[in-house]
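Quick notes on the structure that follows.
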Amino acid sequence: MKKNKTVSEKIWQFFCSVKLTVTTLVLLALTSMIGTIILQNGSQSEYVRLYGESFYKIIKVFTFDDMYHAWWFLGLIIILCINLVVCSIERLSTTWKIIFPKKIKFNATRFRKQKNLETFTIKKELATLSSSYENFLLKTIGKVIKEETLDSIILYAEKGRWTRIGVYVVHSSILLLLIGALIGMVFGFKASLNLDEGKTSDTAVIAKSRESVNLGFSIKCNKFDVKFYDTGAPEEFKSNLTIIENGKVSFTKDILVNHPLRYKGINIFQSSYGTAAPDSAHVDIVKLSDKSVTHLSIKIGEEINLPNDMGLFKLEGFLPHFDFRGHNLGEAFIGRITPKDGQSFQIGIPVKFPTFDKMRKGNFAFIVKEFEKKYYTGLQITKDPGVWYVYAGFILMIIGCWITFFMSHESYFIEIQKKQGKTLRVCFSATTNRNQQSLKLKIKKYVVKLKGKQ
Amino acid sequence: MDSSLSLSLATFIYALASIFYIGSFSFKKNTLAKIGFIVLIIGFLFNTGGIILRWIESYQIGYGHAPFANMYESLVFFSWTVAVLYIFVEFKYKESIIGVFASPIVFLAIAYASLSPDISSKITPLIPALKSNWLIAHVIACFLGYAGFAVAFGFSIMYFAKPQNPETKSIFAKLPSWDIIDELTYQMVVFGFLFLTIGIITGAVWANSAWGKYWSWDPKETWSLITWFVYAIFMHLRMMKGWQGRKLALVSIIGFLAVMFTYFGVNFLLSGLHSYG
Ligand code: HEM
């Protein structure tokens, strides 16, 4: 025993303990709760409103507003990784020797002392019984090792030695997952793009930093469609997109929720939609003095002469949510009236309330009869070169868990001893590295079969 | 017969099964437990029928989706998974008395689904994001996981119910031996853990195909990860630190509280992407 450990040995020892694993996992579980309670990635004003000024300072110090990317949270994950690697290195050589032994040996005394040892007697020739048991073991377990003395025969068989590797598969899958996540964090991005029908764009805005990113190709939204259930909830939304590269049309494809478009490592997802500004509207202009109606189709930005040469009217724009004294009146057009001799002023024409403009009590009232409704499609655009590592990690983790939980290294032992006359005494027991209880059940089942081989 | 009748009958029969199990336990009559087992299986058949009928009815209405789309349906399915798991365990280990700790869970989940005023049993249409085959895989895996943990929780209670001293004449002395309880709890945790893992993974793959991000620290995701951590701790304590008995049972109980929070707490207390359990 060495008394004085060097610093590096101490560090190694620190990372080599399962206590550290458990502690880190407990800390991860506890701290992860914080992010589900405190709002993530909100704005300063939201935090101050929700939690107050002084608590906001604490939030900032510990990065609780983006805690899953905070230095201390990543630190915990890194500790977990080092712990995992150090422990695996420490134990792998021993496990390796168990998994790939030069020669398979067994300890007869250990089997004779097993709690699950079953003993019974049979009247039969030693050689015949032993060969029938050997056959049985070979068929149900695997290769049989036989040790003979004058008046006894020991049979040994085992299976699933390799399953001891399962834990390492699980643990390496965790590393693979985290490597994939890291690659995604460094080389990937998540951005969004709202694209009006008919418009084209080659840049998207990164969700977090609000920076724009060039995609290397352009996306044109030809058409957007939304279908509703009779309850009013959206049933399906769909965008027809064309990818344009170097000024040339590459291809056209429909994307739906759950059916994204993947191109050159960039994924384009349908995520939301909204009403886009239309090009024009059909407007009724009612002269209030004699109720005469003039019907016109006006483009946005276009200026027209009012009837009877009473001034100018310009359709300035469109608002999806028109706010009137704190009430949301929905979709509305904005117009500007310039009377013949007077100051120009702005008016709002909500589509759903045709009498609204009448209440202004001007010379004319404007009513939007109809307009061609246009949507914008909300696209989520992501790039994540790490995703394949993550998926590989997923598959390995499931396989590894399966091996670790449901498979085990089982060794079976049968000893047949000659007693007086033709009586043979049979001892049967088994060991496993896991699932003792299910081994007990198996032994009971096998004993019935062994007794049956008279 | 329609789905709601079938499910009401299932609720009623599950209640009956629980009564038989509790009776068998209180009066130390094994035959009552045997009857309870058969009654439980009958309830399970109605439960299964109800789910299938509801599936068919959703197609008849025109919404056409698997019945895993809201809280009501998820609870009905939760009952179903706990029942199927428990039936398997009793079949394999032949320990009928432990049904006392499992059958009430089956009954309570489905009863809560039909009786709670917050939970509507209407068949609702699916929002576009939920229209994916991953939904089915994800929900089934998660609920098998929850079921494993629920049964493990039931068994963990035994550690606190059964007297340490085998001589006691209390009714709890009839419970199976310690090493069987220990093994059963562990088996259920392991089963739950495998399926929770698959559930989280299928959820991640689905999120990646719907939103382009396999993990976004949404509260439900985070809580399922917390639950996963708790049971990972459970396994390391058992395998590497040799924990067992009441200490380990306590970890399993904490784990189940995390499951409950993931299932209900997140829906009722926090906001996020998941619209149901
Ligand atoms: C969450 C991340 C995890 C960490 C950081 C971790 C870490 C560790 C460490 C350090 C050990 C001891 C060293 C060794 O035997 O190699 C260990 C052992 C073990 N871990 Fe994990 N582990 C994690 C997840 C898992 C999972 C998900 C499983 C489930 C299959 C698992 C199953 C095991 C088993 C069965 C052992 C005992 C190994 C043996 O019997 O030799 N671990 N783990």
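The values are calculated or read from the model by the stated rules, or taken from the named source; none is laboratory data. Every value quoted in this text rests on a predicted model; they were computed, and no experiment measured them. Ideal geometry is used to build each Cβ from the backbone, glycine not excepted, and the neighbour counts take in all protein chains shown. Please note that ligands, DNA and RNA were not included when accessible areas were found on the heavy atoms of the full protein model with its side chains. Shrake-Rupley method; radii C 1.70, N 1.55, O 1.52, S 1.80 Å.
Quick look at the numbers
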quantity	calculated
Förster-model FRET efficiency, 35 Å R0, B:I42 and A:I89, C-beta, rounded to 0.05	0.05
Segments A:30-39, A:215-224 sorted - mean Cβ within 10 Å per residue, highest first	A:215-224, A:30-39
Per residue Cα convex hull volume in Å³ - calculated over the stretch A:280-372	92 Å³
Kirkwood Rh in Å, taken over all unlike Cα pairs in the stretch A:7-95	15.0 Å
All aspartates and glutamates inside 14 Å of A:K422 as judged from Cα atoms, apart from same-chain residues fewer than 8 positions distant	A:E125, A:D151
Flagged links, alpha-carbon separation over 27 Å, of A:K238/B:K213; A:K103/B:K241; A:K159/A:K449; A:K60/A:K264	A:K103/B:K241; A:K60/A:K264
For the stretch B:249-262, Karplus couplings with θ = phi - 60° (6.51, -1.76, 1.60), whole Hz, Gly/Pro x	4, 4, 5, 5, 5, 4, x, 5, 4, 4, 4, 4, 5, 4
Reachable aspartates and glutamates from B:K34, criterion Cα separation under 19 angstrom, eight or more residues apart if same chain	B:E90, B:E95
Exceeding the 22 Å Cα-Cα cut-off - candidates A:K227/A:K374; A:K102/A:K146; A:K227/A:K248; A:K352/A:K374	A:K227/A:K248
For the stretch B:1-125: span of alpha carbons on each principal axis (Å, largest first)	51, 29, 21
Largest-first principal axis extents, alpha carbons of the stretch B:127-277, Å	61, 31, 24
For the protein assembly as shown, the fraction of alpha-carbon pairs in successive 20 Å shells from zero, as %	13, 35, 31, 14, 5, 1, 0
Subset of A:K143/A:K419; A:K123/A:K418; B:K28/B:K162; A:K287/A:K340; A:K223/A:K253 violating a 20 Å alpha-carbon distance limit	A:K143/A:K419
Estimated FRET transfer efficiency (A:K449, A:T109; beta-carbon r; R0 22 Å; 0.05)	0.30
Span-rule helices in chain A, defined as complete DSSP H runs reaching 27 Å or more along the axis (Cα) with Kyte mean at least 1.0	A:18-37, A:71-99, A:166-187, A:387-406
For chain A, with +1 on Lys and Arg beta carbons and -1 on Asp and Glu, the positive-most of A:T377, A:L155, A:N258 along the dipole	A:L155
For chain B: accessible area per residue (Å², 1.4 Å)	39 Å²
Chain A - mean residue ellipticity at 222 nm from DSSP helices (-39,500 (n - 2.57) per run, n ≥ 4, rounded to 500)	-11000 deg cm²/dmol
Label-reachable residues, the stretch A:259-287, where backbone N falls under 20 Å from a point 7 Å from A:S297's Cα toward its Cβ	A:276-286
Percent carbon-and-sulfur accessible area, chain B, ignoring ligands, DNA and RNA, probe 1.4 Å	70 percent
Where A meets B: accessible area buried, both sides, 1.4 Å probe, Å²	4400 Å²
Hull-based mean projected area of the stretch A:67-206, where the convex hull spans the alpha carbons, in square nanometres	17.9 nm²
Difference of contour (0.36 nm per residue) and Cα-Cα distance, A:E134 to A:V26	33.9 nm
Check: the protein assembly as shown dipole with +1 on Lys, Arg Cβ and -1 on Asp, Glu Cβ, in debye	4380 debye
Nearby lysines by direct alpha-carbon distance to A:K57 (threshold 25 angstrom, same-chain neighbours under 8 apart not counted)	A:K208
